[in-house]
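Below is one structure; the comments refer to it alone.
The values are calculated or read from the model by the stated rules, or taken from the named source; none is laboratory data. What you are looking at is a predicted structure, and each value in this text was computed from that prediction instead of being measured. Because the Cβ atoms are built from the backbone with ideal geometry, glycine has one as well, and the counts that use them run over all protein chains shown.
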Amino acid sequence: MNLPIFLYVVTLVISVIFSPFRFHSLLALKEEWLLLIFFLMVNNVPEEEKVEKLLTTLVAVSALVGIYAIWQHYSGMDLYRNRLLEPRGEVFISLGFFDHHLTFGGYYMLVFLLASVIFLNAKRTGVFKILFFLAPIVLGLSLVFSYARSAWLGGAIGILTLGLFKGGKFILFLILGIFLLCLLIYMIEPTSWDRIKEVDLSKNKPESTRIRLWQTSINMIKDKPIWGIGLGNFGKLFDRYKVEGVYDTTCHPHNDFLNVAVNSGLLGLLAYLSIWAVFLYSTIKSIIKNRKSGFGYTAQMGGIVAIIGFLFASLFQCYYTDGEVNMLIMFILGLTTVLNLKAEGENLE
């Protein structure tokens, strides 16, 4: 993981050097400090027991906040900011303690997938078993009530990935379970289905903003394919490359892969992709080579499922640039890498 992360940072630095707004891009570069969380985990969490405690705490606290988010969905109250939430018919879009529903959805997608994998694989009893039985239900409802469609997609893809790992009849039961769950959610909360039906790709509809943002991003990449337009310059240079049409936002490309290519060129995109490719390859290899039934094996599988969910969700939203979501991603990458190294018998000290 060290080499791809290093290469990614190098491409970012070079993009700053070639940026038409160097100081602005330099300020944007500081947001990449979140990569340090990965190294913090790898170098300070050498034991499987600590990984288990950290993940259990993450799931437990997130589930507690999830209960609050479910209450928000029906009450419409954001107690932390003392405001009314955005309505969806007679209910409201949940935020938890976050400031945007997409951040909340992206974060809870990751925790939901981790909790689901742990529940289905970890052999525990007592309070632990009860926690990981109830947590996926609470976290799943919180995810639905975020109304973040990209996070819904990531969650569904993550669960299907888990089914592929389990294999056999499990994936058939899983698909049937997802169908029945969707039917139940629709019966309980039909506004969630309305959110899906809102998708309209007609040229002059705000819902097609993402298509135009992607087309605009491709124009930028075509013009600056090697090093990109420079970090943080999407908004500054937007009008120069803009595809005509209606936009309800122009903050970023709403696609992490396009965003990286816009900022740091195709070389930056290759380096970015190499991070996820190396992570998935090394984790899958470790699982196959050291197949066990302990918590470490379960957490490794959870890491794969969560990251695959994130990668699919990031096709429609910039989750990597969302600070809170990025923190959790680096946290998951770090803890999973700890388990990979431990399984290979390497000394982390």
Checklist entry - Restricting attention to the stretch 87-102, does a residue exist that is in a helix (DSSP H, G or I) and within 30 Å of Asn340 (Cα to Cα)? => result no
Checklist entry - Of the conditions (1) more than 20 Å from Gly155 (Cβ to Cβ); (2) within 21 Å of the chain's Cα centre (by Cα), Met77 fails just one. Which one is it? => result (2)
Next on the checklist: Quick check on Phe295: is it closer than 30 Å to Leu258 by Cβ and either of a type outside the set (D, E, K, R) or in contact (Cβ under 8 Å) with a residue 24 or more places away in the chain (or both)?
Outcome noted: no
Checklist outcome for this item: Among residues of the stretch 122-154 being among the β-branched types (Val, Ile, Thr) and under 24 Å from His101 (Cβ atoms), the residue modelled with the highest pLDDT is Val138
Item to check | Every pair of residues 6+ apart whose Cβ atoms lie under 6 Å, when the first sits in the stretch 61-83 and is within 29 Å of Phe128 (Cβ to Cβ) while the second is surrounded by 14 or more Cβ atoms within 10 Å (Cβ to Cβ) and among the aromatic types (Phe, Trp, Tyr) | outcome: His73/Phe92; His73/Phe145
Item to check | the stretch 236-253, residues that are charged (D, E, K, R) and surrounded by 13 or more Cβ atoms within 10 Å (Cβ to Cβ) | outcome: Lys236, Lys242
Checklist entry - So which residues in the stretch 258-278 are surrounded by fewer than 19 Cβ atoms within 10 Å (Cβ to Cβ) and among the aromatic types (Phe, Trp, Tyr)? => result Trp276
Checklist entry - Only one residue in Phe132, Phe92 is over 30 Å from Asn2 (Cβ atoms), among the aromatic types (Phe, Trp, Tyr), crowded, with 19+ Cβ neighbours inside 10 Å and without any contact (Cβ under 8 Å) to a residue 40 or more places away in the chain, so which one is that? => result Phe92
Checklist outcome for this item: Note on the stretch 161-179: residues modelled with pLDDT of 70 or more and either of a type in the set (Ser, Thr, Tyr) or under 30 Å from Glu86 (Cβ atoms) (or both) are Thr161, Phe179
Checklist outcome for this item: Scanning the stretch 281-306 for residues that are crowded, with 16+ Cβ neighbours inside 10 Å, of a type outside the set (Gly, Ala, Ser) and in a helix (DSSP H, G or I) gives Thr283, Ile287, Phe295, Tyr297, Thr298, Gln300, Met301, Ile304, Val305
Next on the checklist: The conditions are (1) surrounded by fewer than 23 Cβ atoms within 10 Å (Cβ to Cβ); (2) within 22 Å of Tyr68 (Cα to Cα); (3) at pLDDT 90 or above, and Ile157 fails exactly one of them. Which is it?
Outcome noted: (2)
